Amino acid sequence: MNVCHMTDAHDPFDDRIYLKECISLKEAGYSVCIVGRGKDCVREGVSIIGCGEPKGRIDRMLFFSKKVYRKAVSADCEIYHLHDPELLLYALGLKRLGKKVIFDSHEDVPAQILDKEWIPMLLRKMISGCYR
């Protein structure tokens with residue numbers, strides 16, 4: 001069984017994603033890849049499919065996430081594990097391809113949105129409410 005972890009925000013070697021999830025899956029006999037920032041490499045049997053680096057927050061959410069999605073689809077795995085809210089936009093596309101999709105919300109995202117000073121306050125409340 002092939003599992004693809006997708007992240008556009010986290011480093012591919014983030015302890016939670018890489019060590020706790022990907023290495024554990026690899027040790028249980030799964031084939032595992034991470035699609036995200038950086039360059040292609042293989043570490044401890046986990047394939048990293050690099051997408052380069054986003055050019056800032058807006059680029060990451062609007063364009064880099066799509067690049068992550070496209071490369072993840074090319075990996076042709078059975079299970080896709082999404083780690084970032086903006087990747088939820090691609091969950092339905094993966095489901096339509098017959099893939100199992102897991103969304104792993106590490107944080108209290110609605111509360112975090114309310115604290116993001118780069119988003120105007122009126123929009124923060126609206127986005128937080130929609131996300132909730």
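Modelled spin labels at Ala28 and Arg57, positioned 7 Å past Cα toward Cβ, are 3.5 nm from each other. Charge dipole (Cα centre; +1 on Lys/Arg Cβ, -1 on Asp/Glu Cβ; no other charges) of the chain amounts to roughly 540 debye.
Relative contact order (percent) for the chain, with alpha-carbon contacts under 8 angstrom and 6 or more residues of separation? Dividing the mean separation by the residue count of the chain yields 23 percent.
Estimated from the Cβ-Cβ distance and a Förster radius of 25 angstrom, the FRET efficiency linking Ser74 and Val109 is about 0.35.
Tally Lys/Arg at +1 and Asp/Glu at -1 over every other residue whose Cβ is under 13 Å from the Cβ of Ser105; what's the total? Display every interim value, and only then the final one.
Working: positive: Arg16, Arg132; negative: Asp84, Glu86, Asp104, Glu107, Asp108.
Counting the neighbours of Ser105, the net charge comes to -3.
Against the chain, whose longest principal axis is taken from its Cα atoms, helix 121-131 shows a tilt of about 40°.
Classify segment 36-94 as rounded, prolate or oblate, taking a ≥ b ≥ c as the square roots of the eigenvalues of its Cα gyration tensor: rounded when a/c is under 1.5, otherwise prolate if a/b is larger than b/c and oblate if not. Cα axes put segment 36-94 in the oblate bin.
Looking at the chain, send over the antiparallel percent of its DSSP beta bridges, to the nearest 5.
Values: 4 of 21 bridges.
Close to 20 percent.
Taking all protein chains into account, the per residue accessible area for the chain stands at 58 Å² (1.4 Å probe). Gap in Å between the Cα centre of segment 67-107 and the Cα centre of segment 20-35? First find each Cα centre; the distance between them is then 16 Å. Placing unit charges on each Cβ (+1 for Lys and Arg, -1 for Asp and Glu) gives the chain a dipole about its Cα centre, and among Val3, Ser65, Ser47 the Cα reaching farthest toward its positive end belongs to Ser65.
The values are calculated or read from the model by the stated rules, or taken from the named source; none is laboratory data. Only a predicted model underlies this, so the values are computations on that prediction, with no experimental measurement involved. Here the Cβ is made from the backbone with ideal geometry for all residues, glycine too, and neighbour counts use every protein chain on show. Side chains included, ligands, DNA and RNA excluded: accessible areas come from the protein's heavy atoms. Shrake-Rupley method; radii C 1.70, N 1.55, O 1.52, S 1.80 Å.
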